[in-house]
Amino acid sequence: MHVGLIADPHLINPNDSYESRLETRQHFAEAWPSFRTVIEELNAAAVDHVIILGDLVDYYTDANRDFALSLLEDLEMPWHLTPGNHDYAVPTDESGSDTEHDQEAGRCGYAASNVEISDRVLDLDDVRFILLDSALSAVADDARSWLDSVLDNDRACVLCTHVPLDVDPVVEAIHAVEPDRNLEKYVQRGSPELYETTLAGRVDLVCSGHLHFPARATIDETVQLIRPKCIRTPHTGYETDGTIATLDTADLSWTERQIPSHDPSDGTTCPPESIGEPEGA
Ligand SMILES: [Fe+2]
């Protein structure tokens, strides 16, 4: 079985009413056609499942959620989401000049469209995939006892969580790429003991997003993989943008592929017809 891994689509409804955000987040607002290409690549790869490693939307509104879901309708296999910090970022005024994290709003909003984002387990083939909410750079107080109950020493375990673990090898791997990254936000600074107390020796692979560039670290026998963002942002971004990974459950090996660059003149930039005007702020 093969599982597609993608990170950080940051989708914004092109008809979004938060004009200020359309302007300040233009790089993401213009990137959605490349997500359509991501879906085409995943369909062509014929993966069996897709796991989205957070930040499906750039900020949570029902309109952005519905836009994302309309694009995901073209995916030919089941998909699963673990939330990122942007899935909880809610505009605080009518212009959308700022956002604040509101987990309840994000959770209720996704739940209203039957999108599961809670901590949960997917047993795919002989591999246990554990989807864990670390969106705000920490896990919930009861996450450790829950992890204790679901970590299975008799099978391979893959932890899928938006924010990378807060352990020295991961910190070093991030700083090797960007020495100035603020680690209060970009690792699980709120749960620094999670690996030592709960995960050590019990997880084979940790897959995260959040940084938008790729990095890799090895913690004892556990590999921490940080996935680059799957979309291509016009005029900005990293050379690794537009990358998807395919994980083979037989041996937890993965392959990567970069989606082709989007050509704005190829006529595919019309949003899905099902997208109407978003609700007002
Ligand atoms: Fe992100």
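Assorted remarks:
- Mean residue ellipticity (222 nm) of the chain, computed from DSSP H runs ≥ 4 via -39,500 (n - 2.57), nearest 500: -6500 deg cm²/dmol
- Dipole magnitude (debye, nearest 20) for the chain, charges at Cβ of Lys, Arg, Asp, Glu: 400
- Axis angle, to the nearest 10 degrees, between helix 103-112 and the longest C-alpha principal axis of the chain: 70 degrees.
- Loop chymotrypsin sites (Phe, Trp or Tyr not before Pro), region 124-190 (other Cβ atoms within 10 Å of the site Cβ: 15 or fewer; DSSP): none
- Ranked 113, 95, criterion: other C-beta atoms within 10 Å, fewest first: 113, 95
- Against the chain, whose longest principal axis is taken from its Cα atoms, helix 32-45 shows a tilt of about 50°.
- Relative to the longest principal axis of the Cα atoms of the chain, the long axis of helix 168-177 lies at roughly 40 degrees.
- For the chain, with +1 on Lys and Arg beta carbons and -1 on Asp and Glu, the positive-most of 136, 222, 122 along the dipole: 222
- Electrostatic dipole magnitude of region 99-185 [Cβ: Lys, Arg +1; Asp, Glu -1; Cα centre; debye, to 20]: 160
- Overall form of region 37-143: oblate. Here a/c, set by the Cα gyration tensor axes a ≥ b ≥ c, is 1.5 or more, and a/b is not larger than b/c.
- Residue order, fewest to most beta carbons within 10 Å, for 163, 47, 121, 3: 121, 47, 3, 163
- Counting every other Cβ atom within 10 Å of each residue's Cβ, 24, 99 order from fewest to most as 24, 99.
No value in this document is a laboratory result; all are computed from the given coordinates. Everything numeric in this text was worked out from a predicted model, so none of it was measured. Glycine also receives a Cβ, built like all others from the backbone with ideal geometry; neighbour counts cover every protein chain displayed.
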